Amino acid sequence: MNALWAQTRNEVVLSLRQGEQLLVALGIPILLLVFLSQVDLLPRATDRPVDELAPAMLALAVMSSSMVSLGIGTGFERHYGVLKRLGVTPLGRPRLLGAKVIATFGIEVVQVLSLSLVALLLGWQPRWQPALLLLAVVLGTATFAGLGLLLAGTLSGPANLAACNGLYLVLLLFGGIAVPASELPGPAGAVASSLPTGALVELMRAATTDTQSVGRALIVLAIWAVVSPIAAATTFRWSPST
Amino acid sequence: MPRVEIDRLTMRFGPVTAVDELSLHADAGEVLALLGPNGAGKTTTVEALEGFRTPTSGTVRVAGLDPVTDHDAVMAHLGVMLQSCRLYSAIKPREAVRLFASYYRRPLDPMALLERVGLQQRAGVAWRKLSGGEQQRLALALALVGRPEVVVLDEPTAGLDVEGRLLVRRIVAELRDEGVCVLLTSHELDEVEKLADRVAIIDQGRLRAVGTPADLAAAAHRPELRFRAPASLDRAALAAHLGAAVDQPEPGTFVVAVEPTPATVAQLTSWLAERDIALSGLSTGAASLEDVFLRLTGTSPTMNTDQEDAP
C-alpha cells in the first residue's frame with residue numbers, strides 16, 4: 001500500500017479509536033447545537049436560534065478537529081518519541097503532514113454532514129454557497145491546525161494537552177461561537193470578531209445564508225491562515241530532546 | 001566498501017564533548033558493537049548515523065550516503081531500533097508492521113515477520129497493553145521490515161528476558177548471514193561477546209580499543225600465575241625460587257609474573273609443598289573482555305542498567 005494512504009488511514013483509525021477524540025469532534029458540537037437551540041440560555045439576535053447556532057457549531061467542529069484533535073494527537077506523538085521513530089523511516093515529513101491534513105479534512109466532511117443533518121432536523125433553513133463553505137473550511141483548518149501544531153511543537157505533551165483544551169474553551173466562550181461577537185459587550189465584541197473563531201463563524205454564516213458582505217471576516221481569517229502555519233512551521237521541534 | 005563509515009566524528013554540545021574524533025567502520029555481513037559505560041557517547045554516535053544530529057566535525061556515511069543531507073535515501077537502506085522508543089499507544093502490532101511496511105519499496109511479509117519475533121499471538125493487542133519485552137520485539141520487527149542493508153540497534157537487549165535475548169542473538173546472526181551490516185550498542189559485556197564480530201570500546205567519547213573479542217582479550221593478556229595462600233607466605237623467598245616478582249594485591253592473594261607453563265606451576269607447587277603451605281584457587285592470567293574493559297574505562301560494564309542519556 002502507498003505510504004501516504006497507509007499513513008492517512010492510520011491517522012483516522014487511531015483517532016477514531018480514542019473515545020475522547022470522537023467526543024470533541026462530534027459529540028460536543030452536536031450536543032451544544034441541540035441544547036442551545038432548545039434552551040433559551042444565551043442572548044440571541046434572532047428568534048430562530050438554530051439559524052445562528054448551526055454556522056457557529058460548524059466553526060466549532062473545524063476548530064475541534066484541526067486544533068484540538070490534531071494538536072493533542074501530534075503533541076503526544078512528539079512527547080513519546082513516535083515522531084522521532086517516524087523520522088528514521090523513508091516516510092518523510094511531507095507525507096506525514098499530508099496524511100494528517102487529509103485525515104483532518106476527512107473527519108471535517110463527516111462533521112459538516114452530521115451537524116448539518118441535525119440542524120436541518122431542528123428546522124435550520126440554509127442557503128448553501130458551496131465555494132464559500134469550502135473556503136471557510138480550508139482557511140479555518142489552516143488556521144487552527146497551525147495553532148494546534150504551534151502548541152504541539154513547542155510544549156511538552158501534558159502542557160500541550162492543557163493548552164489546546166484551554167484555548168478551545170476560551171475561544172468557544174469568548175471567541176464568538178457560543179455567544180455571537182455582536183452580542184458580546186463593547187471591546188470584547190471587537191476582539192472576538194478579530195479572532196479566527198469569530199471570523200470563521202461569520203464566513204460559515206455567509207456560506208449558509210445569502211449574505212454577500214464577508215470582506216472583513218475573510219481578510220481576518222486569511223491573515224490567521226497564513227500567520228499561524230508559518231509560526232508552527234518555524235517553531236516546531238520534532239523531538240523534545242534533539 | 002564499508003556500509004557504515006565514521007571518520008573523525010566529533011559531537012559537541014556547548015562545553016560538553018560527547019564524541020571526540022571517533023573513527024570506525026563496519027562492512028556488510030559484519031556485527032560491530034559499541035561498548036562503553038553509560039554516557040560514553042554511544043547513543044550520540046548512533047544518532048549521527050540516524051541523521052538526528054549533524055556532526056560538529058568529521059563525517060559519517062551509511063551505505064555511502066550522508067544521513068543528514070541524503071536523509072531520505074539513507075532511510076531506505078537503514079533499519080533502526082531506538083533506545084526506549086514508544087509507538088502510537090493504540091496501534092496493534094499487526095497494524096504497526098503493515099504501516100511501516102508501506103514506507104518501504106520491498107518490505108518483508110508483515111505476518112511472517114511478527115512470527116519471526118514471536119509476536120504472532122499478540123498481533124491484535126494494543127501497543128500500550130504489550131509487556132516491555134513485547135514492545136522491544138515489535139521495535140525489532142519494525143527495524144527489519146524494510147529489508148535494510150544496515151541495521152542499527154541501540155541497546156537491543158536492555159530490559160529483555162532470557163528468551164528475548166536469545167531471540168535478538170538469533171536474529172542478529174541471521175542478519176549477518178544475509179549480509180546485513182549490524183551496528184549495536186550495549187553496556188552489557190556478556191551480550192556483546194555473544195553478538196558481535198568486532199567490539200569498539202568507547203569511553204568519554206573516545207575510541208579506546210577495537211577488535212574481535214578474542215583479539216582484545218589477547219592484547220590485554222599479561223603472563224601471570226595467581227593463587228591464594230596464607231598471607232604470611234615469604235614472598236621474597238618465593239620470588240628468589242621462581243626468579244620472578246611476587247605481588248600480593250590483597251591479603252592472601254598472590255600474583256607471580258611468569259608465563260603459566262606446566263613447569264612454573266610445578267615449581268610453585270613443590271615450593272609450597274616443601275613448606276606445607278595450603279594452596280587454594282590457582283589460576284592463570286588469561287584476560288577476558290571484561291578485564292580489557294575495566295582496564296580501559298575504569299568502570300564495570302555490567303553493573304549499571306540505567307539508560308544512557310545523550311546531552
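The values are calculated or read from the model by the stated rules, or taken from the named source; none is laboratory data. Quick caveat: nothing in here was measured; it's all calculated off a predicted structure. Cβ sites come from the backbone with ideal geometry, for glycine too, and all protein chains shown count toward neighbours. Just so you know, the surface numbers come from the protein's heavy atoms only, side chains and all, with ligands and any DNA or RNA stripped out. Shrake-Rupley method; radii C 1.70, N 1.55, O 1.52, S 1.80 Å.
Here A:Val82 fulfils each of the conditions (1) surrounded by fewer than 17 Cβ atoms within 10 Å (Cβ to Cβ); (2) more than 21 Å from the chain's Cα centre (by Cα) apart from (1).
Annotation: B:Thr59 fulfils all but one of (1) more than 25 Å from B:Thr297 (Cβ to Cβ); (2) assigned to a strand (DSSP E or B); (3) β-branched (Val, Ile, Thr); (4) open to solvent by less than 10 Å² (accessible area, probe 1.4 Å); the unmet one is (4). Does B:Ala126 satisfy the criteria of being of a type in the set (A, V, I, L, M) and free of Cβ contacts under 8 Å to residues at least 60 places away in the same chain? Taking the combined requirement at face value, the residue satisfies it. Residues that are at the interface with chain A (Cβ under 7 Å from one of its Cβ atoms) and in a loop (DSSP other than H, G, I, E, B) within region B:82-103 comprise B:Leu82, B:Cys85, B:Arg86, B:Leu87, B:Tyr88, B:Ala90, B:Ile91, B:Tyr103, listed in sequence order.
Of all residues in region B:118-164, those being of a type in the set (Val, Ile, Thr), within 21 Å of the chain's Cα centre (by Cα) and closer than 30 Å to B:Leu65 by Cβ number 4. The single condition among (1) open to solvent by 10 Å² or more (accessible area, probe 1.4 Å); (2) at the interface with chain A (Cβ under 9 Å from one of its Cβ atoms) that B:Asp70 does not meet is (2). Within region A:175-182, is there a residue that is of a type in the set (S, T, N, Q), more than 14 Å from every other protein chain (Cβ to nearest Cβ), more than 30 Å from A:Arg85 (Cα to Cα) and out of contact with any Pro (no Cβ under 7 Å at 6 or more places or on another chain)? Within region A:175-182 (the criterion being of a type in the set (S, T, N, Q), more than 14 Å from every other protein chain (Cβ to nearest Cβ), more than 30 Å from A:Arg85 (Cα to Cα) and out of contact with any Pro (no Cβ under 7 Å at 6 or more places or on another chain)), the answer is yes, since at least one residue qualifies.
Screening A:Leu134 against (1) open to solvent by less than 10 Å² (accessible area, probe 1.4 Å); (2) farther than 30 Å from A:Lys84 by Cα; (3) at pLDDT 90 or above leaves a single unmet condition, (1).
Quick check on region B:23-30. Is at least one of its residues of a type outside the set (A, V, I, L, M), open to solvent by 20 Å² or more (accessible area, probe 1.4 Å) and in contact with a helix residue (DSSP H, G or I) (Cβ under 9 Å, 6 or more places away or on another chain)? Yes, some residue in region B:23-30 is of a type outside the set (A, V, I, L, M), open to solvent by 20 Å² or more (accessible area, probe 1.4 Å) and in contact with a helix residue (DSSP H, G or I) (Cβ under 9 Å, 6 or more places away or on another chain). If only one of B:Val46, B:Val19 is closer than 30 Å to B:Val292 by Cβ, hydrophobic (A, V, I, L, M, F, W, C) and assigned to a strand (DSSP E or B), which one is it? Being closer than 30 Å to B:Val292 by Cβ, hydrophobic (A, V, I, L, M, F, W, C) and assigned to a strand (DSSP E or B) holds for just one of B:Val46, B:Val19, which is B:Val19. Taken as a whole, the condition of being in contact with a Lys or Arg (Cβ under 8 Å, 6 or more places away or on another chain), at the interface with another protein chain (Cβ under 9 Å from one of its Cβ atoms), surrounded by fewer than 23 Cβ atoms within 10 Å (Cβ to Cβ) and in contact (Cβ under 8 Å) with a residue 12 or more places away in the chain applies to B:Ala76. The residues in region A:220-240 that are at pLDDT below 90 and of a type in the set (Phe, Trp, Tyr) can be counted, and the count is 2.
Residues that are more than 10 Å from chain B (Cβ to nearest Cβ), in contact with a helix residue (DSSP H, G or I) (Cβ under 8 Å, 6 or more places away or on another chain) and either open to solvent by 10 Å² or more (accessible area, probe 1.4 Å) or not in a helix (DSSP H, G or I) (or both) within region A:85-102 comprise A:Gly98, A:Lys100, A:Val101, A:Ile102, listed in sequence order. From the list A:Ala199, A:Ala190, the one residue that fits, being surrounded by fewer than 19 Cβ atoms within 10 Å (Cβ to Cβ) and in a helix (DSSP H, G or I), is A:Ala190. Among the numbered conditions (1) open to solvent by less than 20 Å² (accessible area, probe 1.4 Å); (2) within 14 Å of another protein chain (Cβ to nearest Cβ), the only one that A:Gln111 does not meet is (2). If the condition is being aromatic (Phe, Trp, Tyr) and away from chain B (no Cβ under 14 Å), then region A:203-242 contributes A:Trp224, A:Phe236.
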